[in-house]
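To start, the structure under review is shown below, and the notes come after it.
The values are calculated or read from the model by the stated rules, or taken from the named source; none is laboratory data. As the structure is a computational prediction, the values presented were derived from the model and not from experiment. Backbone-built Cβ (ideal geometry, glycine too); neighbour counts: all protein chains shown. When the accessible area is computed, the model is the full protein with side chains, heavy atoms only, and any ligands, DNA or RNA have been set aside. Shrake-Rupley method; radii C 1.70, N 1.55, O 1.52, S 1.80 Å.
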Amino acid sequence: VILKILNSKPEGEPIRIWAPGCATGEEAYSLAILLCKNLKEKIANYNVQIFATDIDEKAISIARKGIYSAESLKDMPQDLVNQFFSKKGNQFELSKSVRSLVLFSKHDLTSNPPFLKLDLICCRNLLIYFGSHLQKQIIPLFHYALKPNGYLFLGKSETVGQFTDLFTTEDGKSKIFHRKRGGKLHSVQ
């Protein structure tokens, strides 16, 4: 999906991604690394905006530092670790160029307005903590926040549920959904 987004973007056009419930930043930084890996030196020709939000101020503070243990990087390909991290004692610090692509802020998904005109919302393993009533409010909100050709990336056990009028399945195994144009109006309460 990242390649589809990049292939649809002329240089200079914003690439807007939102990672709600970002915790300590691994997901948001992974997206930034994917963009860096695919765009290489051309990344300077794009206006990359990755918004990473959470309600936990302490988690956001940890995320902003971009410092992780070797254990937390064990599943990352070694070439990416070598390229984007520098060893600091027994921890690894993410490069400033990658950290600069991500804007962390405190945000309550259930009560604050969403970011808009997004190419991708990466909300993995957050909806499972919400009851069905709250999920029914959040999915239409994501639809509203995405651009007409935007994507929604959910966790393994998450789905768009009854909102098949708002999203079509892009990749069922990976839980990637593509925003449909239009759809019924759903009230957000």
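Some notes on this structure:
- Helix axis angle, 26-39 relative to the chain longest principal axis, alpha carbon, degrees: 80
- Counting only protein heavy atoms and a probe of 1.4 Å, the accessible surface of the chain is 52% carbon and sulfur.
- Once the 1.4 Å probe is applied to the protein heavy atoms, the chain comes out at 54 Å² accessible per residue.
- The convex hull around the C-alpha trace of the chain, projected and averaged over every direction, spans 10.8 square nanometres.
- Two-site FRET efficiency, Leu134 against Ser97, from Cβ-Cβ distance with R₀ of 35 Å, rounded to 0.05: 0.45
- Dipole in debye (nearest 20) - region 110-169, about Cα centre, beta carbon charges: Lys, Arg +1; Asp, Glu -1: 80
- Heavy-atom accessible area ranking, 1.4 Å probe, most first, across Ile67, Ile43: Ile67, Ile43
- Considering only beta bridges that DSSP places wholly inside region 1-156, some 25 percent are antiparallel.
- For region 33-56, backbone nitrogen atoms closer than 19 Å to the point 7 Å from Asn82 Cα along Cα-to-C-beta are found at 33-34, 36-38, 40-41.
- Interatomic Cα distance distribution for region 102-151, bins of 10 angstrom, percent: 23, 57, 20, 0
- Mean shadow area of region 45-154 over all directions, Cα convex hull, nm²: 8.5
- Region 1-101 shape via C-alpha gyration tensor axes, a/c threshold 1.5: oblate
- Sequence-ordered 3J(HN,Hα) estimates for region 96-111 from the Karplus curve with 6.51, -1.76 and 1.60 and θ = phi - 60° stand at 4, 4, 6, 4, 5, 7, 10, 10, 8, 8, 6, 7, 9, 4, 7, 9 Hz, glycine and proline given as x.
- Simple point charges give the picture: +1 on the Cβ of Lys and Arg, -1 on the Cβ of Asp and Glu, and for the chain a dipole about the Cα centre of about 260 debye.
- Hz values of 3J(HN,Hα) by residue in region 132-140 - Karplus curve (6.51, -1.76, 1.60), Gly and Pro given as x: 4, 4, 5, 4, 5, 8, 6, 4, x
- Residue-wise HN-Hα couplings along region 61-75, as the Karplus relation 6.51 cos²θ - 1.76 cosθ + 1.60 with θ = phi - 60° gives them from phi, are 4, 5, 4, 4, 5, x, 10, 9, 6, 4, 4, 6, 9, 4, 8 Hz; Gly and Pro carry x.
- In this calculation the C-beta distance from Ser111 to Ser174 is compared with R0 = 25 Å, giving a FRET efficiency of 0.25.
- Taking all Cα pairs closer than 8 Å and separated by 6 or more residues, the relative contact order of the chain comes to 19 percent.
- Projecting the Cα atoms of Leu101, Val160, His133 onto the charge dipole of region 93-174 (Cβ charges, centred on the Cα centre) puts Leu101 farthest toward the positive pole.
- Rounded accessible area of Lys96 (nearest 10 Å², 1.4 Å probe): 150
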